[in-house]
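Some notes on the structure that comes next.
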Amino acid sequence: MQPALTIIKDEHRALAAVLRGLQYLVQQVRNSQKAPDFALMKSMLAYIEAFPDKLHHPKEDQYLYRILRERTGEVTQTLNLLEEEHRKETEWLNTLRTTLEAYERQASAFEPFSDAVEFYVAAHFSHMNKEEDVIMPVAEKALTEADWNEIATAFRSNQDPLVGTGTQREFRDLFRRIVNLMPAPMGLGPEQS
Ligand SMILES: [Fe+2]
Ligand SMILES: [Fe+2]
């Protein structure tokens, strides 16, 4: 596989781990009346804002999607849709943040937050699946070696700290906490019945 695609897929897996972690925390609150870990949930949102939103999606727009549009018209509709989803992302994350803040102020505001998490997680899995299943196979046929080098260089320039050897300690600690939180086989935590 092209190194650029390996980086993009690894970044998807990091985001997927955070999304599953967030979903898991919400389910834990619902199932066991466990006290919500607001600090951990806020760290997850801060990670999403700092990396997938500020770096991953913009680099897809500016490199992978732009170059792919230049090479083929085969997936124009899907690219339009994915770009639209990138544009909506700020609003979706804002909803997540404001519903979380409302829930922190008042326990009765749990349901709107839980709904926002479900919507957000579903939207992102659908988004990443379209990128991996529709866009990447076409890109693999249509792009040149020079194109791939340009994309890989862009993605290597600010690697996701949950993927590579990033120096952002705060997010490495976050990833460790998520991995330990989740039950096997998704994480390292104890198996749940
Ligand atoms: Fe994307
Ligand atoms: Fe992506």
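None of the figures in this text is laboratory data; all of them are computed from the coordinates on show. Remember, predicted model here, so these are calculated numbers, not experimental data.
The alpha carbon centroids of region 89-144 and region 11-68 are separated by 8 Å. Stretched out straight at 0.36 nm per residue, the stretch from ALA39 to PHE125 would grow longer than its current Cα-Cα span by 28.6 nm.
Full extension of the segment from GLU140 to LYS88, taken as 0.36 nm per residue of separation minus the current Cα-Cα distance, would add 16.0 nm. Lysine pairs in the chain whose alpha-carbon atoms fall under 23 angstrom of each other, counting only those eight or more residues apart or on distinct chains, come to 15.
Counting only whole DSSP H helices of the chain, the ones at least 20 Å long by C-alpha along their axis and with mean Kyte-Doolittle hydropathy no lower than -1.0 are 3-32, 110-130.
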